[in-house]
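The values are calculated or read from the model by the stated rules, or taken from the named source; none is laboratory data. Note that the structure is a prediction, hence the values are computed from the model and not measured. As a convention, Cβ positions derive from the backbone with ideal geometry for all residues, glycine included, and neighbour counts pool all protein chains shown. Heavy atoms of the whole protein, side chains included, go into the accessibility calculation; ligands, DNA and RNA do not. Shrake-Rupley method; radii C 1.70, N 1.55, O 1.52, S 1.80 Å.
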Amino acid sequence: MLAVLAGIVWWTRQQAAPPQAGGGRNAGPMSIVPEAVGKGDIGVSLNALGTVTSLATVTIRSQISGYLMKIDFKEGDEVKKGDLIAEIDSRPYEATLAQAKGQLARDEAQLKGAQVDLTRYQNLAAQNAVPHQQLDTQVALVAQYQGTVEADRASVKSAEVNLQYCRIVSPINGRVGLRQVDLGNYVTAGDTNGLVVITQLEPISVLFTLPEDNLQAVAKRLKEGAVLPTAAYDRSGANKLAEGSLQTFDSQIDATTGTIKLRARFENDKRTLYPNQFVNIRLLLDTHKDATTMSTAGIQRGVPGTFVYLVNADSTVSVRPVKIGVTDGDRVEVLSGLVPGDRIVIDGADKLREGAKVVVRSAADAASPAGAAKGTASGAANGVAKGDGKGDANGADPDKAGGGNRKGSADGQKK
């Protein structure tokens, strides 16, 4: 009975134990995606946060008082410089202008009469027929009338200007905002809100800040006459909104933040930028020509420092320390350690080690879950073929072993 019980326990443990597959250091080749190191231009870019700012924003206000008789725009319209915006009741100012012209005509007539008398007194004074005091008095009277006429002419010009102010026109090209005053209201020169706001959208600028450490490099490039391309991206930083160029930077550094303001100009012909909009700015400071470049996905960091897994010709990988330079998007400059044409691992490097065997799969397979599974299955199949298959050939098949166990157990029970 003891032998029977011992056989049953042994057979049960053998059935519960999973089949031994290759794992750990004896695992099959890892599935990886390689990429060849290339050569090309890589940009030296500075990233910053910016705010879109209009180059001209005008609040249209009335310069005279009167009733608003006409509004000649629709909210959201595009207007040109000189386009009519609104009209104010002009009748009071027309009357004032007529009054000023009448007073000017009267004073001009008085001046003309005084000048005629002055000519007569001058002729008589030459003959000693009138006292010189009377001549001097007439000279002063003519000068007085001349001053009065000049004042009347100024009054006429003032009335004409006020009459022109009855027609409010746009001082810039831009987009009309929301109307602040309705038709028929009495407006004055002291209204704070104004009638409407006109904002210039083409061109437009973006104000952004950079650390003061970058100022010397930017100033040097501008002094050389270089045009520094500037790109504006949306809040996520993935979609490019507009392209422009750097115009200038501020005259002083902000002592509280250690940054300096810069202004970039954008044509904005597609109207992708609007005032007070938040954007991400990428300033291209310089370009390194014919540099050795690679994907940032291949960069590994560990005990050796910055390194990559180099794919060898015998389908193994080796650790290669590298020195990297500037990063531009998903590409990074390689200063030393690699040469163009070297193949490095960009996907599947998390479980690699020096000298590990690898199975190469394409980037398309890596992007597809089915492809990744296929690559993993291929690596496992290779491991089975090299390890488990050998064991099966030697009679280590788990099914066969199980069959032997069951047979032995049955023999024990018979006994």
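Summary of values
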read-out: Where labels lie 7 Å past Cα in the beta-carbon direction, separation of GLN180 and VAL319 in nm; value: 6.8
read-out: Using θ = phi - 60° and Karplus 6.51 cos²θ - 1.76 cosθ + 1.60, couplings along the range 232-242 (whole Hz; Gly, Pro as x); value: 10, 10, 6, 4, 6, x, 9, 9, 7, 8, 7
read-out: For the range 89-164 versus the range 175-236, the gap between their alpha-carbon centres in whole angstrom; value: 52
read-out: Rounded if a/c under 1.5, otherwise prolate or oblate - the range 133-253, Cα gyration tensor axes; value: oblate
read-out: Share of pairwise Cα separations in the range 178-306, more than 24 Å, in percent; value: 53
read-out: Accessible area of the range 197-326 belonging to carbon and sulfur atoms, whole % at 1.4 Å probe; value: 47
read-out: Extension gain (nm, one decimal) between ASP234 and GLU94, 0.36 nm per residue minus Cα-Cα; value: 45.1 nm
read-out: Solvent exposure of the range 142-197 as accessible area per residue, Å², 1.4 Å probe; value: 58
read-out: Residue-span extension gain [ALA151 to ALA125] - 0.36 nm each, minus C-alpha spacing; value: 6.3 nm
read-out: Simple spin-label estimate for ALA217 and ASP286 in nanometres, 7 Å along Cα-Cβ; value: 0.8
read-out: Counted charge near GLN247, where neighbours are those whose Cβ lies closer than 10 Å (Asp, Glu -1; Lys, Arg +1); value: +2
read-out: Distance between modelled label sites at ARG301 and THR53, nm, 7 Å Cα→Cβ extension; value: 3.5
read-out: Length released on extending from VAL227 to ASP191, taking residue separation times 0.36 nm less the Cα-Cα span; value: 8.6 nm
read-out: Across LYS39/LYS240; LYS289/LYS357; LYS39/LYS323; LYS81/LYS157; LYS240/LYS323, pairs whose alpha-carbon gap is larger than 27 Å; value: LYS289/LYS357; LYS240/LYS323
